[in-house]
Amino acid sequence: MPALTFQDFLLSAPGELLLEWEKKAYSELTADVFGSCALQIGMPQLDTLAANRMQAHWLIDPRGNLCDPKFTLNRIVADPSQLPILNESMDLVTLPHTLDLASNPQQILREAVRVLEPEGRLILTAFNSLGLWWLRQQTVKLGCRPYLPTELVPISLYRLKDWLALLGLEVDRGIFGIYAPGFRSLKRLHAWSWLNKAGDRWMPQFSNLFLLSAVKRLPGPRIVSCESMQKLPGKMPAPGVPAASSTTHSTLLGKKL
């Protein structure tokens, strides 16, 4: 059975629908993300930063594919699992299907988080293993033509959220999209677009695509109340009497001088 590359998939009817949906979704979520530098890792066929107003846009292209000349991205041919970028230097990072088409998605995600500024935003899109498109892909085992890219290995939504949480990212928004069955005709796919509203309301977990948006959080100083300080071992200094040492006081605030 011949393989179906991601590039060839994007030229198909479902691929065209994917590009249409993701262009709209990324535009909606990146337009109001501010800073100085934004980075897209993978998928040069779609400019996920087109609606973003930061001064510098960069693209990591692992295969050196040709980009549309109208893209605003500065291209770097590099391995996404070893980014040639300084730590905490990007205010926005996008991962359009970078993880579910990779052999080492966790390492790529770690690199994306490494280059992301504290309080920076990471946005990713992926195929849903519970969607009808992935169900159609299983007919390959029966000798049918591939419907989705053959290198695709979907990562469940819950696993992705776990990975993000372990890396210190807080998911604050998600979008589910495209519920149409696995047709090969764009006309038939659009004819089933009525499922999108019903799916968003009643069965979002069965969408064919999903988007996650997360913010990189760092542990900060903890505010200690008088009540909690009274529970600490040792005696509290009397009012108006300075503490015995600045080290003790600063430790209570969760910060050593």
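Worth pointing out:
- Farthest positive-ward along segment 111-171 dipole, Cα basis, beta-carbon charges - from Trp133, Leu164, Leu152: Trp133
- When peptides 157-170, 83-96 are sorted by average Cβ neighbour count within 10 Å, with the highest value leading, the order is 83-96, 157-170.
- At most 16 other Cβ within 10 Å, DSSP loop - chymotrypsin sites (Phe, Trp or Tyr not before Pro), segment 23-58: Phe34
- P(r) weight above 24 Å for segment 105-199, C-alpha pairs, percent: 37 percent
- Förster radius 41 Å - calculated FRET efficiency between Gln107 and Trp192 (Cβ-Cβ, nearest 0.05): 0.65
- Per DSSP, loop trypsin sites (Lys or Arg not before Pro) in segment 1-94 with at most 11 further Cβ within 10 Å: Arg63, Lys70
- Kirkwood Rh and Cα Rg combined as Rg/Rh, segment 6-216: 0.95
- Using the Cβ of Ile41 as centre and a radius below 10 Å, the other residues enclosed give a net charge of -2, where K and R count +1 and D and E count -1.
- Per residue Cα convex hull volume in Å³ - calculated over segment 44-152: 130 Å³
- Taking a straight Cα-Cα cut-off under 17 Å and skipping sequence neighbours fewer than 8 places away in the same chain, the aspartates and glutamates within cross-link reach of Lys24 are Glu16, Asp32, Asp47, Asp200.
- Aspartates and glutamates whose Cα lies under 15 Å from that of Lys161, excluding same-chain neighbours fewer than 8 positions away: Asp100, Glu170, Asp172
- Packing-based ranking, highest mean first, of 136-149, 105-118 given that Cβ atoms within 10 Å are counted: 105-118, 136-149
None of the figures in this text is laboratory data; all of them are computed from the coordinates on show. None of these values were measured; they are calculated from a predicted model. Using ideal geometry, Cβ is built from the backbone for each residue, glycine included, and neighbour counts are taken over all protein chains shown.
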